[in-house]
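Below is one structure, written out as structure tokens; the observations come after it.
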Amino acid sequence: MKISSSLNENIKILKKTLPIDKSFDIVNREWTIGNTKANFVFIDGFTKDQIMLFIMNKLQSIDIDNVNIDVIKTLLKNGIPYIEVSTFSDFEDMKPAVLSGNTALFIDGQSKGILLDVREYPVRGPQEPDLEKVTRGSRDGLVETIIFNTALIRRRLRDPNLIFELTTVGSQSKTDVAISYIDSAVDHDFLEQLKKQLDEIKTNSLIMGEKTLEELLIKKKWFNPLPQVRFTERPDVVAAHLLEGHIAIIVDNSPSVMLLPVTIFHFTQHAEDYYQNPMVGTYLRWVRFICMISSMVISPLWLYLVYNPKLLPEALKFIGPSKVGHIPLFLQFILLEIGLDTLRLASIHTPNSLSTSLGIIGGLILSEFAVKVGWFTPETILYMAIAAIGTFATPSIEFAMAIRIFRLFILIMTGAFKNIGFFISLAVVCTIICTTKSFANQSYLWPLIPFKRDALLNILFRKPIVEIKNSKKE
């Protein structure tokens with residue numbers, strides 16, 4: 001609906017458009033600019049009070065009656081001492097702007113209104129994210145305010161080709177979503193496909209932020225736990241991926257940024273690798289590879305070898321319990337898996353001051369008594385502890401959970417069908433990994449499939465930055 005030149009008519013429409021009389025936080029403030037009536041509409045709590053008082057004080061001293069030319073144009077040029085101002089001529093344009101924190105100004109006799117972007121969202125400090133800590137490096141992390149996140153990224157990339165395109169998703173939430181990329185490095189066909197998919201999304205809201213957006217963008221099969229986008233809360237990681245040609249999707253109200261397209265190897269790398277020298281970074285990377293692989297196969301492999309003791313060489317005859325106990329080994333591993341996840345869930349809901357006590361009770365006391373009672377053998381607890389440590393060493397929590405699901409599947413198949421179950425489950429897991437596609441149907445195993453020697457060597461070995469740049473140029 002178009003803005004009327006009558007202020008009274010605009011106020012009537014305004015009260016029908018917004019629940020001004022019902023919702024206490026929507027403020028409708030009548031005002032006078034010179035001898036002309038005006039009206040402010042804004043959300044209490046989103047507005048910078050001092051700036052608004054300054055603007056209103058300046059406006060009150062202007063005599064609009066003596067302005068012979070376009071009043072709105074005059075106010076924008078000379079009357080409003082503020083940078084972020086714009087106009088609107090339709091209530092449909094005004095409504096989402098006000099609900100997102102802008103202040104709307106209506107002036108009697110004018111068929112246009114003015115939007116003042118004097119927003120100030122509640123925000124926490126950009127402290128280091130808990131999931132991606134480093135021993136050396138920057139300590140700032142992304143926050144829940146989109147404009148702060150773009151500033152943290154822009155601070156690291158002062159490139160005029162760095163673009164932040166803003167759109168909204170959600171018919172009710174109208175959530176701001178920024179698509180970030182470097183224009184000279186990005187794949188523009190992929191970029192256009194992503195924009196098209198974002199435009200086609202039909203949903204009420206992004207209630208869980210970027211995670212909801214991921215599920216709307218990527219139509220994956222329910223039985224495939226592998227993540228197909230990477231999430232990070234570190235602005236330096238976002239900047240590094242943008243330089244490589246990736247696209248970052250920043251969702252307002254979320255401290256995580258979605259990076260795409262990615263491959264399986266992106267979930268094996270961590271910022272710590274690059275904050276150490278190349279030799280140390282390579283060592284840490286290989287330790288992580290070993291931990292991730294062992295966390296998926298060590299407990300099912302041990303169970304398989306226990307079922308087939310003849311396969312063990314003489315030096316490894318010690319593998320396997322001398323006494324099984326009251327519960328079959330297969331069920332012991334399943335119970336331990338459930339127990340670990342229960343302990344993890346309990347730690348999430350436990351206050352920090354009690355988390356140490358929870359770890360002692362869950363990890364030491366319960367396991368010790370469980371062995372004495374005869375529920376578990378010491379070896380099952382040992383191998384499950386190794387698998388758990390390997391899972392925690394995985395940089396991406398989404399990829400770590402996928403490894404856990406695969407491990408549980410292999411355990412169940414091995415326990416139920418013995419030898420054939422072990423090999424069939426391994427074949428199923430390998431098939432899922434090989435057939436998974438990244439966003440836009442790109443290879444999930446690149447640079448292994450299709451094979452790119454230099455790119456694969458850069459993943460296996462943490463090379464000096466100069467060598468990586470030179471190999472890209474070639």
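Rule-based calculations on the coordinates, nothing more; no lab input. Worth saying up front: this structure is predicted, and the values here are computed from it rather than measured. Ideal geometry is used to build each Cβ from the backbone, glycine not excepted, and the neighbour counts take in all protein chains shown.
Some points to look at:
- In whole percents, the pair-distance distribution calculated for the stretch 273-441 from its alpha-carbon pairs, binned every 5 Å from zero, is 1, 8, 14, 17, 19, 16, 12, 8, 4, 1, 0.
- Dipole of the stretch 130-262 [Lys/Arg +1, Asp/Glu -1 at C-beta], most positive-end residue of T175, Q228, Q197: Q228
- Which listed pairs, of K2/K196; K16/K112; K48/K95; K22/K73; K77/K112, have C-alpha distances above 24 Å, in listed order: K2/K196; K22/K73
- Three principal axis lengths of the stretch 7-116 [C-alpha, angstrom, descending]: 38, 30, 21
- Net charge of Cβ neighbours under 15 Å - reference E128; Lys, Arg +1; Asp, Glu -1: -1
- R0 of 30 Å, Cβ-Cβ distance L99-I218: FRET efficiency to nearest 0.05: 0.55
- Förster radius 30 Å - calculated FRET efficiency between V123 and K22, Cβ distance, rounded to 0.05: 0.60
- Mean residue ellipticity (222 nm) of the chain, computed from DSSP H runs ≥ 4 via -39,500 (n - 2.57), nearest 500: -14500 deg cm²/dmol
- More than 24 angstrom apart: percent of Cα pairs within the stretch 206-339: 54 percent
- The stretch 398-459 - Rg over Rh from alpha carbon coordinates, Kirkwood radius: 1.10
- Size descriptor for the stretch 83-215, Kirkwood hydrodynamic radius: 17.7 Å (Cα pairs only, one decimal).
- Taking label positions 7 Å along the Cα-Cβ direction at both R154 and W31, the computed distance is 2.6 nm, reported to one decimal.
- Qualifying chymotrypsin sites (Phe, Trp or Tyr not before Pro) in the stretch 198-281, where qualification requires a DSSP coil assignment and no more than 16 other C-beta atoms within 10 Å, comprise W222, F223.
- A cut-off under 13 angstrom between Cβ atoms defines the neighbours of G45, and their net charge, with Lys, Arg +1 and Asp, Glu -1, is -2.
- (i) 58; (ii) 45; (iii) 35, with the label sought being that of the calculated percent of Cα pairs over 37 Å apart: (ii)
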